[in-house]
Amino acid sequence: MNDSAIDTAGGVGDPIRLVLADDQATVRDALAVMLDLDDDVDVVGTAANGAEAVELAGSARPDVVLLDLNMPVLGGVGATERIRAAHPDIAILILTTFDDDESILSALRAGAIGYLTKDATRIAIMQAVRAAAAGQTVLDPTVQSRLVALATRGTVAQADHSFTAREREILDLIGQGLRNGEIAERLVISEATVKTHINNLFAKAGFRTRADAVRYALRAGRASF
């Protein structure tokens with residue numbers, strides 16, 4: 001696929017529409033070919049920087065934008081912020097070589113729903129694209145480990161929301177990357193009870209997705225990181 005090429009066809013039931021951005025042409029082209037081979041994905045545009053990715057997000061109408069972090073003109077964090085502000089229905093997935101704390105936190109705070117490092121396999125990238133399109137948070141195992149380390153050094157503050165002690169505890173565990181079953185096991189309660197608490201805290205805080213809860217938990221504990 002050529003850079004900035006756009007396919008505007010699409011409709012209900014079609015493959016996941018994907019835009020990808022990376023300033024390295026060889027990486028960008030290889031990703032486009034690799035992902036476009038999958039029947040579940042239609043690469044509708046490629047970009048060499050974040051500014052081009054923002055433009056394509058509006059013109060190509062993707063479901064998911066796959067972004068590198070370190071790009072000229074506009075980096076991945078800035079592109080994420082702009083895309084999410086203009087098109088909140090588009091999921092942002094980060095694919096980068098950087099796995100340091102600041103890069104991870106900056107991307108998630110900007111609105112990214114997933115974060116992978118470039119040593120991820122084709123299968124892992126494809127699974128992440130599908131998960132992002134479905135509104136599910138997906139994190140590289142290394143990234144998740146770093147988030148757990150960060151989150152365990154901080155606690156979730158009550159802030160302006162009237163969370164119960166149990167809800168704050170569960171929100172803290174969500175911030176550590178635990179799924180409902182893992183939370184239930186950790187707290188020795190049923191998974192149904194976990195879901196009830198999550199529904200309650202989502203309603204109180206106005207969270208729409210689990211990614212919103214993860215970002216809130218990270219921000220709430222930021223002062224202790």
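Which ordering of THR97, THR46, THR142 is given by a fewest-first count of other beta-carbon atoms within 10 Å?
THR97, THR142, THR46
If you plug each phi of segment 188-197 into the Karplus form 6.51 cos²θ - 1.76 cosθ + 1.60 with θ = phi - 60°, what whole-Hz ³J(HN,Hα) values come out, in order, with x for Gly and Pro?
Result, rounded to whole Hz: 6, 9, 6, 5, 5, 5, 4, 4, 5, 4.
Express in nm, to one decimal, how much length is gained between THR196 and ARG122 on full extension, taking 0.36 nm for each residue of separation and deducting their alpha carbon distance.
23.1 nm
Give me the extension gain from ASP14 to ALA165: residue separation times 0.36 nm, minus the current Cα-Cα distance, reported in nm with one decimal.
50.0 nm
Classify segment 16-140 as rounded, prolate or oblate, taking a ≥ b ≥ c as the square roots of the eigenvalues of its Cα gyration tensor: rounded when a/c is under 1.5, otherwise prolate if a/b is larger than b/c and oblate if not.
Rounded.
Every read-out reported here was derived from the displayed coordinates using simple, explicitly stated rules and does not represent laboratory data. For clarity, every value in this text was computed on a predicted model and none was experimentally measured. Cβ: placed from backbone, ideal geometry, glycine included. Neighbour counts: every protein chain shown.
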